[in-house]
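**Student:** For reference, the structure I am asking about is given below.
What follows draws every value from the coordinates through simple rules; no lab data is involved. What you see is a predicted model; the values in this text were computed from it and never measured. Quick reminder, even Gly has a Cβ in these numbers, built from the backbone with ideal geometry, and neighbours come from all protein chains shown.
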Amino acid sequence: MKKGILFIAGLLVFLAFSCATNPVTGKKTWALVPNSEIFASSFNQYSEFLKTNKVITGTADAKRVENVGMKIKAAAEKLLKARGTAGELEGYAWEYKLVDSKEVNAWCMPGGKIVFYSGILPICKDDAGMATVMGHEVAHALANHGQQRMSAGLVQQLGAGVAQAAVGGKSAETQALVMQAYGIGTQVGGMLPFSRSHETEADEIGLTLMAIAGYNPETSVAFWERMSSNSGGAKPAEIMSTHPSDETRIANLKRLIPKAKAEAAKFGVVFK
């Protein structure tokens, strides 16, 4: 028992000193793995993905993805410069690729490696819709959400080791029940809410980025309404999902739009 307490105390000290600051929000976040390592892995994975998927080049849509991406990137640079955290963009290597796929999705890997699937373009409808998606995905990268998820996963694994050690002298049945409860508890009570908070944070930062880039953040609501209509079928309860429900997301966006417009006005961008 004494060894377990000492281990937990040591773990808490380690976590306290393994923090970084979100360059956009100023919040303290976990950073158990440095971005230098994460970026190297991310860039390699991105390169391999492009080799094994059909990248669309030279088309009007491919150019739109790149143009909107560059505007969102410029907005991110302006925002971080204003916050005094522009140095946090060191090591980013922005790329914007359109990939031929019916999947309605887009993503941004740590370090600024972005993919839009062609299947999401009809939902985007126009550049403002594309900026909604691009801002959201770039926000994940700026806020180091990949680093935070990796750190949370490591903490979950360490916690599992502590739980296993605590019941090591119990029966096999008791050990199995405890570990099952730990797994469900940390997933529903920890990892899933953590993921949903990242999505909400990316929505907020993304709104600000698209507004600074000159896209009216009010158009984001129409995009997410189209996404909601397109998804169809039964969806898991919000508590069991990695993302907020469509209703929650849209309500949050409507609440945050005035703030995004106010932020954009600081950079001389004003919407009627």
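**Student:** In whole Hz, what ³J(HN,Hα) sequence does the range 86-97 give by Karplus (6.51, -1.76, 1.60; θ = phi - 60°), x for Gly and Pro?
**Tutor:** In residue order, the calculated couplings are 4, x, 5, 7, 4, x, 5, 9, 5, 9, 10, 10 Hz.
**Student:** Just subtract the alpha-carbon distance of residue 126 and residue 48 from 0.36 nm times their residue separation and send over the number in nm, one decimal.
**Tutor:** Extending this stretch completely gives an extra 25.1 nm.
**Student:** Can you give me the long-range amide H partners of residue 97? Hydrogens built in the peptide plane at 1.01 Å from N, cutoff under 5 Å, separation of 5 or more residues or another chain.
**Tutor:** The list, which skips near neighbours in sequence, is 114, 115, 116.
**Student:** Among the GluC sites (Glu not before Pro) within the range 95-143, which fall in a DSSP loop and have no more than 15 other Cβ atoms within 10 Å of their own Cβ? Intermediate values should be presented prior to the final figure.
**Tutor:** Details: sites: 95, 103, 137; in loops: 103.
Filter output for the range 95-143: 103.
**Student:** While we're on this one: What aspartates and glutamates could a cross-link reach from residue 27, if we take a straight Cα to Cα line under 15 Å and drop same-chain neighbours fewer than 8 places away?
**Tutor:** 88, 201, 204
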